[in-house]
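Asks: Here it is: the structure, laid out below.
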Amino acid sequence: MIAAKKKFFALNDDVKRQYQGPAGTLLGYIPFDKERYNPNTYEVHEGFLMLSEDEDNLPYSQIPSLLPAAAKAFPAKAFPAFRDLSSNLMSALSVALGQGKDYLARMHQEFFAKKGYSCLRVNHFPPMEILPPPNSVRFGAHKDVSTFTILMTGDKGGLQICNRAGAWMDVPPNKLLVIAGQFLHFTSHEKFIAPVHRVMIPDNADRDISRFSIIFFICPDAHLPYRPACIEEPEPCTWKDYYSSFLSDYLTKNYQKKE
Ligand SMILES: [Fe+2]
């Protein structure tokens, strides 16, 4: 799987851009200049994102231009394994919250029906043979908007998570990591905290080697409130509304702030 990914990301930029999904989305190929998670940093990453509805529907319904090379590099068969793991995690988290086992599953009916916004994403952080500009990172600091996120961190370091004291902690390579997203943060009344995380450019020889990560975002049903009604908020909105504003910020506004 990794060899096929390397082959895809090694394609020419104009070829890879043929795999982009519709404008204003993160579907399909995500080029280097598409996202900026912090307006004050340069981000050096590219990626590929598939919705769970594409699991049974190759070539991917959202990306008509998909070519065989991408289908081989991003096999949809990874979805069932992530779904099974997610189902078990949801049961355990529900019990931890003092609820019945199906408490969270009932908020993820689209996910179990292979619909909605849950998605599989592969990130590629290219080798940097020359020193990057100041304020460069591989992925800027952010919180996930998901319920929770499962990460296969890859065989190189660089991922960091901010702890409650505000200190950055290194995540060792070759780990399967689960982090809470903002939906779980609010739904659990902050029993589970959505941490700020980022991917830094190594200051050693690892900088010169490609790094890959595989990430599965489990997202709630789109119509659910982004925060429970008892939590004060200036503008109540659905999870889908919040996700749309998230995309708008990171795909558009952060670029405008920088330029
Ligand atoms: Fe993230």
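Asks: Could you please state, rounded to a whole Å, how far the C-alpha centre of region 14-52 is from the C-alpha centre of region 121-147?
Replies: 12
Asks: Taking region 87-150 as the region of interest, what is the percent of Cα-Cα pairs per 5 angstrom bin, listed from the shortest bin to the one with the maximum distance?
Replies: With a bin width of 5 Å, the distribution comes to 3, 13, 17, 17, 12, 10, 9, 7, 7, 4, 1.
Asks: At a 10 Å Cβ-Cβ cut-off, how would you order ILE215, ILE201, ILE209, fewest neighbours first? Intermediate results must be reported in sequence, preceding the final value.
Replies: On the way: ILE215 21, ILE201 16, ILE209 13.
Fewest to most other Cβ atoms nearby, the residues stand as ILE209, ILE201, ILE215.
Asks: Ok, one more. Sum up the charges of everything whose Cβ sits under 9 Å from the Cβ of LEU26, counting Lys and Arg as +1 and Asp and Glu as -1, but leave LEU26 out. Walk me through the numbers on the way to the answer.
Replies: Numbers: positive: LYS34, ARG121; negative: GLU35.
Neighbourhood net charge equals +1.
Asks: Label-point separation (nm) for ASN204 and ARG106, each offset 7 Å from Cα along Cα-to-Cβ?
Replies: 5.0
Asks: Could you calculate the contour length gain from LEU176 to LEU89, that is, 0.36 nm times the residue separation minus the distance between their Cα atoms, to one decimal place in nm? Intermediate values should be presented prior to the final figure.
Replies: Numbers: separation 87, 0.36 × 87 = 31.32 nm, distance 1.31 nm.
This chain segment gains 30.0 nm when fully extended.
Asks: So what's the net charge close to MET128: Lys and Arg +1, Asp and Glu -1, counting the other residues with Cβ under 13 Å from its Cβ? Walk me through the numbers on the way to the answer.
Replies: Numbers: positive: ARG138, LYS156, ARG207, ARG211; negative: GLU43, GLU129, ASP203, ASP206, ASP208.
That works out to -1.
Asks: How much net charge surrounds TRP168 when only the other residues with a Cβ under 15 Å from the Cβ of TRP168 are counted, with Lys and Arg +1 and Asp and Glu -1?
Replies: +2
Asks: For each of LYS156, LYS240, count neighbouring Cβ atoms within 10 Å of the residue's Cβ, then give the residues from fewest to most. Walk me through the numbers before you get to the answer.
Replies: Details: LYS156 19, LYS240 16.
Ranked by crowding around the Cβ, least crowded first: LYS240, LYS156.
Asks: Something else now. Give the order of SER52, SER245, SER188 when sorted by the count of other beta carbons within 10 angstrom, beginning with the fewest. Show your work: numbers first, answer last.
Replies: Working: SER52 25, SER245 14, SER188 19.
Ascending number of Cβ neighbours within 10 Å: SER245, SER188, SER52.
Asks: List, in the order given, every pair from LYS34/LYS114; LYS5/LYS156; LYS7/LYS175 whose Cα-Cα distance in the structure shown is over 19 Å. Walk me through the numbers before you get to the answer.
Replies: Details: LYS34/LYS114 26 Å; LYS5/LYS156 16 Å; LYS7/LYS175 24 Å.
Cα-Cα > 19 Å for LYS34/LYS114; LYS7/LYS175; rest within.
Asks: What does the C-alpha gyration tensor say about the overall shape of region 119-220? Classify as rounded when a/c is under 1.5, otherwise prolate if a/b is larger than b/c, or oblate.
Replies: Working: a/c = 2.32, a/b = 1.74, b/c = 1.34.
Here region 119-220 falls in the prolate category.
Computed from the coordinates by the stated procedures, all read-outs in this text should not be read as laboratory data. Remember, it's a predicted structure, so these values are computed and weren't measured experimentally. Cβ sites come from the backbone with ideal geometry, for glycine too, and all protein chains shown count toward neighbours.
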